Amino acid sequence: MWVAVDAMSGDYGPEGIVEGAVMAVREFGLSVSLVGDEQELLDILLKFDYDTEKIRVIHSTEIIGMNDSPSIAVRAMEDSSVVKAVRLVADKECIGVFSPGNTGATMAAALLHLGRLPGVLRPPIAAHIPREEGPPVLLLDAGANVDCKPEYLAQFALMGEIYARELFGIQNPKVGILSNGEEDKKGNTVSIKTFDLLKKIPFNFVGNVEGRDLYGGGREVDVVVCDGFIGNIVLKATEGLAKSIFNVLKNSIRHSSLAKTGALLLKSTFTAAKKRLDYAEYGGALLLGVEGICMIGHGSSNALAVKNAVRVIAECAKHGINDRIRTRLSEYKTLLSDSV
């Protein structure tokens, strides 16, 4: 299993990305194609002890920046690291691709060179939201589609339900719609129509859920669907809040000798909590519904995030996520078509 990694697009250069690839090879026995400046990547690899048969470097000469126009850059910069990494998947040389760069460019490259799975109307970004206990809640869409129709959200629900069952090991995932109240008729026009549509699909639909339910503080749910505009705001707010909570705790401990003593006693507890809230534990967010497996990471992705991204991509391939999505969407093609 070869996984393509865009090694040049992160905020902090390729060193951490290379380290994460080496970690994935060591811990999981996977193989990684690092795409980027050949000499620079080979120089970094000299710092590590690794199986040279399981890491290869694919040379590219261009980098798409965070501020570049995705659609224009993907077509104009064919030798960019993200485009060449995606094309390795399109050419069946790799099972999936990870990029910590421009989200729009990664999506554009995936749609251009991989295309959508049969029947997929709009590929969503599936993000992990940590909760108090158990596996994270899967939030779709986290930013790929700002404006959505009910049939898009219904497909997101089907794809998310498959992901939660196969990768989180939840036998009968609970699926809900993010709304401003639990009552059936709460929400905007799109969410109300989506509610009526999801009631017709024979899976564990629990109805509307509120923002607090995402974190395990209310109604139990495993998969939550919404449009990409709302989903991206929820995702960024969650990340910001988690960071702020830990900063407040650190500042409080720093200014109190009694708190410092307590912190030392609870060090393992704080470490476990931080790990649970760390996005790097999940690698990134999957762009579901495209041919091949595509994971989008933070620009600040560190070695741990890269290692876990490679792991998740391999797990998706092992569980045949795309084949299951094809089959499930085919089963409900008529229902979703009738709703358009």
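Odds and ends about this structure:
- FRET efficiency, ASP49 to LYS186 (Cβ-Cβ, R0 56 Å, nearest 0.05): 0.50
- Cross-linked pairs LYS149/LYS200; LYS174/LYS199; LYS92/LYS307; LYS199/LYS333; LYS200/LYS333: Cα-Cα separations exceed 19 Å for LYS92/LYS307.
- What the phi angles of region 285-301 give under the Karplus curve with 6.51, -1.76 and 1.60, with θ = phi - 60°, is a coupling list of 10, 7, 8, 7, x, 10, 5, x, 10, 10, 10, 9, x, 5, x, 8, 3 Hz, glycine and proline written as x.
- Were the residues from ASN67 through ILE233 laid out at 0.36 nm apart, the gain over their Cα-Cα distance would be 57.8 nm.
- Computed from the alpha carbon atoms alone, the convex hull of region 125-250 holds 98 Å³ per residue.
- Average Cα contact separation per residue, the chain, under 8 Å, 6 or more apart, as relative contact order %: 23 percent
- For LYS243 and THR334, the FRET efficiency from 1/(1 + (r/R0)^6), where r spans their Cβ atoms and R0 equals 56 Å, is about 0.80.
- Counted over region 125-250, the DSSP beta bridges are approximately 30% antiparallel.
- Value of relative contact order over region 1-155, rounded to a whole percent, pairs C-alpha under 8 Å and six or more apart: 22 percent
- Taken about its Cα centre, region 125-250 carries a charge dipole of roughly 140 debye when the Cβ of each Lys and Arg holds +1 and the Cβ of each Asp and Glu holds -1.
- Neighbour counts of C-beta atoms inside 10 Å place LEU167, LEU138, LEU46 in the sequence LEU46, LEU167, LEU138, starting with the fewest.
- LYS318-GLU40 FRET efficiency (beta carbon distance; Förster radius 25 Å; 0.05 resolution): 0.20
- For VAL32, residues with placed amide H under 5 Å, excluding near neighbours: VAL3, ILE55, ARG56
- D by Stokes-Einstein for the chain, Kirkwood Rh over Cα pairs, 20 °C, 1.002 mPa s: 103 µm²/s.
- Computed from point charges on the beta carbon alone (+1 for Lys and Arg, -1 for Asp and Glu), the dipole magnitude for the chain about its Cα centre is near 940 Debye.
- Taking ARG116, ARG311 and counting other C-beta atoms within 10 Å, the order from fewest to most: ARG116, ARG311
- Exposure proxy ranking, count of Cβ atoms within 10 Å, fewest first, for ASP68, ASP196: ASP196, ASP68
No lab work stands behind these numbers, since they all come straight from the coordinates. Just so you know, these numbers come straight off a predicted model, no measurement behind them. Positions of Cβ are generated from backbone atoms using ideal geometry, with glycine treated the same way; all protein chains shown enter the neighbour counts.
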